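Visitor: Dropping a structure here in structure tokens format, bear with me for questions.
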Amino acid sequence: MTSHMMDRPLLVSSLLAHAVQNHSQAEIVTRRVEGDIHRYTWGEAALRAAKVANALTRLGVKPGDRVGTLAWNTYRHLELYFGISGMGAVLHTINPRLFPEQVTWIANHAEDRVLFVDLTFLPLVEAIADHLKTIEAIVVMTDGDTMPKVNLPNVICYEELIARESTQYHWPELDERAPAALCYTSGTTGNPKGVMYTHRSTVLHAWGAQAPAALDIGGDTVILPVVPMFHVNSWGIPYAAAMTGAKLAFPGPALDGKSLHELIEREQVTLALGVPTVWLGLLNYLDSINARLTTVKRVVVGGSAAPLSMIRAFDQKHGAFLVHAWGMTEMSPLGTVNAPTTELMALPAEERYARQAKQGRPVFGVELKIIDDAGKELPRDGKTFGRLLVRGPWIVGNYYRNDDRSSFVDGWFDTGDVATLDELNTMQIVDRKKDVIKSGGEWISSIDLENVAVGHPAIKEACVIGVPHPKWDERPLLLCILKDNHACTKEEMLDYLSGHVAKFWLPDDVLFVKDLPHTATGKLLKVDLRKQYANHLMP
Ligand code: ADP
């Protein structure tokens, strides 16, 4: 069939061109790795992205080549986002919080040719450099004055690399299905898996993300993306900001409560995005100095479930609406968003908070369904739970250089999450499939238990795992970290929980620990804990 409409490609470079033509004056503020505050505009960012593309061309980088980054959320990283993808190469953001062996494995698997590195991560690169097989040049993201002595071959200083390059670059008209960016899952078991985003998927995802029914980003939004640019493209924020002219306030490496608070108030942030741990840090800090946020309207929370106590704290203390969102590396990452609706906002506060604890409804473009183990689709009744499957134009179709098809079912992607869907298609995660606790034929959600436990005033962080039990197969074990100068006993905790969950959900034991292990993306790492406590309830 011949189409009667134009077939213009959706390209990352067109986002930049749009930003330059339509809102070149919009601001990009960064707390730099060097410590000071840097400000410029989209207009200046575009000129420097062109310099990056020219410099990479000079270094011999060709369309399709992978260029790695180990970097914080900063204006230089933003220039790489657009310079690398714009020229047709692939922006490969690497998560520096992974184990050094994983970083090495990923860079080798992707065959990165050039690696851009923030000062913070130089020691990491120095430690693994001998094992990086394909890297031809390492660019340190700083200027001549702060450039350290580096004991590696082919090291270039970022500002020196681009200094003499032209600010003009003819962004090529690529195929919209060409690769634009690459991100690896953290692979808690086995090797990480690569997800190769295309120009088309990236632009469509940005379109979906900025919409009012999703993250609601516009020219009057001031965004604080705490969610890292080294993990799933900072939830697509750099692209969505280019599309809309929103102001960006990049936190750089300073993610503690005090630094975030300063940046939020100084830059008048209206929309902040990050994982629950970051917000816990900020909320605790604000409590400790008895301060209120004055400009933030919405806080987007994803990556792990947002506890009810956090939803309440943002609303009651800071007048900010917590937008719960869900997604994953394989989904670019946005899948669902629990955005405000007239109906939701009309509910009494506590009822509304309970609804906000759900992960929300799909962004247009994403389809969801739940199935049982036999593959039968399950009802949308808000109670029945099953394996959550997704499909859409920004969802992975196969992993990069990996034949594993086990997550792909008849054109759908199996997320590995267990969830319910209600009549209005609102999704609620019950658990990761591997974390759900199977007790005497019933399922217990570790996430729900954790969320109730952190609602206790003495608890800083909680983790629930299923451990083997002689009679019930598995029973929940609760591990808690206490807040400084707070106390709680096992009995007090069980008493507290029994007011909130069914009796058979109550943990068989409660332990107070100093630390809990986390993955490189800030999620509780339960595999090792399950091994460590495997005999805890056995006779
Ligand atoms: P990885 O850390 O493996 O790279 P992602 O960062 O892609 O993984 O995380 C994806 C997973 O994180 C989801 O499958 C889900 O289990 C969990 N997740 C993401 N958002 C939420 C949320 N709002 N509530 C609960 N779990 C979430």
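Visitor: Charges only on Cβ, +1 for Lys and Arg, -1 for Asp and Glu: so what's the dipole of the chain about the Cα centre, in debye to the nearest 20?
Guide: In debye, rounded to 20, the chain gives about 180.
Visitor: For 87, 196, what's the largest-to-smallest order of accessible area, 1.4 Å probe?
Guide: 196, 87
Visitor: Please name which of 168, 158, 123 has its Cα lying farthest along the dipole of segment 106-218 towards the positive end, using unit charges on Cβ (Lys, Arg +1; Asp, Glu -1) and the Cα centre as origin.
Guide: Result: 123, furthest along the dipole toward the positive end.
Visitor: Moving to a separate point now. In whole Å, how far is the Cα centre of segment 462-510 from that of segment 133-207?
Guide: Spelled out, the Cα-based centre of one part sits 45 Å from the other.
Visitor: Leaving out ligands and nucleic acids, and using a 1.4 Å probe, what accessible area per residue does the chain come to in Å²?
Guide: So the chain comes to 42 Å² accessible per residue, rounded to a whole number.
Visitor: Please work out how much length the chain gains when fully extended from residue 342 to residue 154, using 0.36 nm per residue of separation minus the C-alpha to C-alpha distance, in nm with one decimal.
Guide: Residue separation times 0.36 nm, minus the Cα-Cα distance, leaves 61.9 nm.
Visitor: I need the shape label for segment 406-447. Rule: rounded when a/c is under 1.5, else prolate if a/b > b/c, else oblate, with a, b, c from the alpha carbon gyration tensor.
Guide: Cα axes put segment 406-447 in the oblate bin.
Visitor: If the viscosity is 1.002 mPa s and the temperature 20 °C, what Stokes-Einstein diffusion coefficient in µm²/s follows for segment 241-332 when Rh is the Kirkwood radius over Cα pairs?
Guide: The diffusion coefficient I find is 156 µm²/s.
Visitor: With each pseudo-label sitting 7 Å past Cα toward Cβ, what's the residue 130-residue 312 distance in nm, one decimal?
Guide: Placing both labels 7 Å beyond Cα along the Cβ direction yields 5.5 nm.
Visitor: Calculate how large, on average over all directions, the projected area of the Cα convex hull of segment 93-241 is; give the answer in nm² to one decimal.
Guide: Result: 11.3 nm².
Visitor: Let me make sure I get this right: for segment 61-104, a, b and c are the square roots of the gyration tensor eigenvalues over alpha carbons, sorted descending. Under 1.5 in a/c it's rounded, otherwise prolate if a/b > b/c, else oblate. Which is it?
Guide: Since a/c reaches 1.5 but b/c is at least a/b, the shape of segment 61-104 is classed as oblate.
Visitor: Can you tell me the order of 414-424, 122-132 when each peptide is scored by its average per-residue count of other Cβ atoms within 10 angstrom, highest first?
Guide: Ranked from most to least packed, the peptides come out as 414-424, 122-132.
Visitor: Now for a different question. Could you sort out which of 297/433; 149/523; 258/460; 358/514; 193/433 sit more than 27 Å apart by Cα distance in this structure?
Guide: From the list (297/433; 149/523; 258/460; 358/514; 193/433), the Cα-Cα distance tops 27 Å for 297/433; 149/523; 358/514.
Visitor: If you put +1 on each Lys and Arg Cβ and -1 on each Asp and Glu Cβ, how big is the dipole of segment 117-269 around its Cα centre, in Debye rounded to 20?
Guide: Dipole magnitude for segment 117-269 comes out near 440 debye.
Visitor: May I pose another question? Under a Cβ-Cβ cut-off of 12 Å, what is the net charge of the residues other than residue 291 that fall near it, where Lys and Arg count +1 and Asp and Glu count -1?
Guide: In short, 0.
Visitor: Going 7 Å from the Cα of residue 502 in the Cα-to-Cβ direction, what parts of segment 420-452 have a backbone nitrogen less than 16 Å from that spot?
Guide: The answer is 420, 430-431, 436-450.
Visitor: Return the distance in nm (one decimal) between the two label points of a simple spin-label model at residue 489 and residue 8, each offset 7 Å from Cα along Cα→Cβ.
Guide: Between residue 489 and residue 8, the label points sit 7.0 nm apart.
Visitor: Roughly how many percent of the accessible protein surface of the chain is carbon and sulfur, given a 1.4 Å probe and a whole-percent answer?
Guide: Reported share for carbon and sulfur atoms: 52 percent.
Visitor: Divide, for segment 366-432, the radius of gyration over alpha carbons by 2.2 N^0.38 Å, where N is the residue count.
Guide: Compactness ratio reported: 1.12.
Visitor: Quick one: dipole size for segment 366-432, taken about the Cα centre, charges +1 on Lys/Arg Cβ and -1 on Asp/Glu Cβ, in debye to the nearest 20.
Guide: I would put it at about 140 debye.
Visitor: Going out from 0 in 10 Å bins, what whole percent of all Cα-Cα distances in the chain drops into each bin?
Guide: 4, 18, 29, 27, 16, 6, 1, 0
Visitor: Taking just the alpha carbons, could you work out the radius of gyration and Dmax for segment 172-280, both in angstroms?
Guide: Every Cα atom of segment 172-280 included, Rg and Dmax give 15.3, 45 Å.
Visitor: Same structure again: For segment 1-104, build the charge dipole from Cβ charges (+1 Lys, Arg; -1 Asp, Glu) around the Cα centre, then report which of 95, 55, 15 sits farthest towards its positive end.
Guide: The residue sitting farthest along the positive end of the dipole is 55.
Visitor: How big is Rg to Rh over segment 292-389, alpha-carbon atoms, Rh as the Kirkwood inverse-mean-distance radius?
Guide: 1.02
Visitor: Residue separation times 0.36 nm, minus the C-alpha to C-alpha distance between residue 57 and residue 535: what's the value?
Guide: Residue separation times 0.36 nm, minus the Cα-Cα distance, leaves 166.3 nm.
Visitor: Let me know the shape class of segment 152-218, please: from the alpha-carbon gyration tensor, a ≥ b ≥ c as square roots of the eigenvalues, rounded when a/c is under 1.5, otherwise prolate if a/b is greater than b/c, or oblate.
Guide: oblate
Visitor: Just from its helices, what would the mean residue ellipticity at 222 nm be for the chain, if runs of 4 or more DSSP H residues each count -39500 (n - 2.57) and the sum is divided by every residue, rounded to the nearest 500 deg cm²/dmol?
Guide: After summing the helix terms and dividing by residue count, I get -8500 deg cm²/dmol.
Visitor: Roughly speaking, what is the centre-to-centre gap between segment 64-122 and segment 339-390 when only Cα atoms are used, to the nearest Å?
Guide: Answer, in whole Å: 35.
The values are calculated or read from the model by the stated rules, or taken from the named source; none is laboratory data. These numbers were taken from a predicted model, which means no experiment stands behind them. Positions of Cβ are generated from backbone atoms using ideal geometry, with glycine treated the same way; all protein chains shown enter the neighbour counts. Areas reflect the complete protein model, heavy atoms only, side chains present, ligands, DNA and RNA absent. Shrake-Rupley method; radii C 1.70, N 1.55, O 1.52, S 1.80 Å.
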